[in-house]
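Report on the structure given below.
The values are calculated or read from the model by the stated rules, or taken from the named source; none is laboratory data. From a predicted model like this one, the values you see are computed outputs, not experimental measurements. Positions of Cβ are backbone-derived with ideal geometry, glycine not excepted, and every protein chain shown enters the neighbour counts. Note: areas computed on protein heavy atoms with side chains; ligands, DNA, RNA excluded. Shrake-Rupley method; radii C 1.70, N 1.55, O 1.52, S 1.80 Å.
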Amino acid sequence: YYNNDDDKGHCDRCQADHFCDGHHINQQSCYTGSQSVAGSSRCFCAIGFETVDIDGTPTCRQCASGKGDGTENSDGVPTAECTACPAGKFSVSGNQTYSTGLQGTECVMCSGNNYSTGGQSSCTPCPPGKEVTEDHSGCGCNEGRYVNATDNRCLDCPAGKFKETREEKTGIEHCLAC
């Protein structure tokens, strides 16, 4: 809410694409690349962008590497800016200031035999003999294989035994009888 100069003593609700932070008499327009819903105390940058202060001016810039996306409401208005990429994903930022048509930073799934533990700007290759988990969040041994404590490599479970999950559990004792 803000104090409407034309109507002393009366407060009006902030309009969409404006913010009322309590430091100004009137509502303030959102800065380039940002939006707000009616009644907001701040503006949020478009998906894949975050608010940074450049020479005292709020500015939308692509999310930093290792961050991306954000969230928006059902009307497509941003409600939260850049968040750390989840495990299995990464992002690389161009650190460019918002302009129409410029894509925001997006968290992308790792590919191949590479993984990410989250918040990373690149994916890490699994060590030799290990396979990436289905969600690319780590490395382990495929189903039916275990980590050999001697050389840290994946080996097949003995005949008549199995291991259901692809996880890094060291020792043949993780192979269970059929």
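So which of Gly140, Gly119 ends up being within 17 Å of the chain's Cα centre (by Cα) and either under 29 Å from Asp69 (Cβ atoms) or aliphatic (A, V, I, L, M) (or both)?
Working: Gly140 fails: within 17 Å of the chain's Cα centre (by Cα).
Sole residue among the options that is within 17 Å of the chain's Cα centre (by Cα) and either under 29 Å from Asp69 (Cβ atoms) or aliphatic (A, V, I, L, M) (or both): Gly119.
Determine whether Asp135 is surrounded by 13 or more Cβ atoms within 10 Å (Cβ to Cβ), assigned to a loop (DSSP other than H, G, I, E, B) and without any contact (Cβ under 8 Å) to a residue 60 or more places away in the chain.
For Asp135, the condition - surrounded by 13 or more Cβ atoms within 10 Å (Cβ to Cβ), assigned to a loop (DSSP other than H, G, I, E, B) and without any contact (Cβ under 8 Å) to a residue 60 or more places away in the chain - is met.
Does the stretch 88-114 hold any residues that are of a type in the set (A, V, I, L, M), outside any strand (DSSP E or B) and either farther than 24 Å from Ser34 by Cβ or open to solvent by less than 60 Å² (accessible area, probe 1.4 Å) (or both), and which are they? Show your work before the answer.
Applying the first criterion (of a type in the set (A, V, I, L, M)) to the stretch 88-114 yields 92, 102, 108-109.
Of the ones still in play, those that are also outside any strand (DSSP E or B) are 92, 102.
Residue satisfying the conditions is Leu102 alone.
Say whether the condition of being modelled with pLDDT of 80 or more, among the small types (Gly, Ala, Ser), open to solvent by 40 Å² or more (accessible area, probe 1.4 Å) and in a loop (DSSP other than H, G, I, E, B) is met by at least one residue in the stretch 20-33.
no
Per-residue answers, yes or no, for (1) more than 20 Å from Cys110 (Cβ to Cβ); (2) of a type outside the set (Val, Ile, Thr); (3) not in a loop (DSSP other than H, G, I, E, B):
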{"site": "Val52", "(1), (2), (3)": "yes, no, yes"}
{"site": "Ala64", "(1), (2), (3)": "no, yes, no"}
{"site": "Gly76", "(1), (2), (3)": "yes, yes, no"}
{"site": "Thr79", "(1), (2), (3)": "yes, no, yes"}
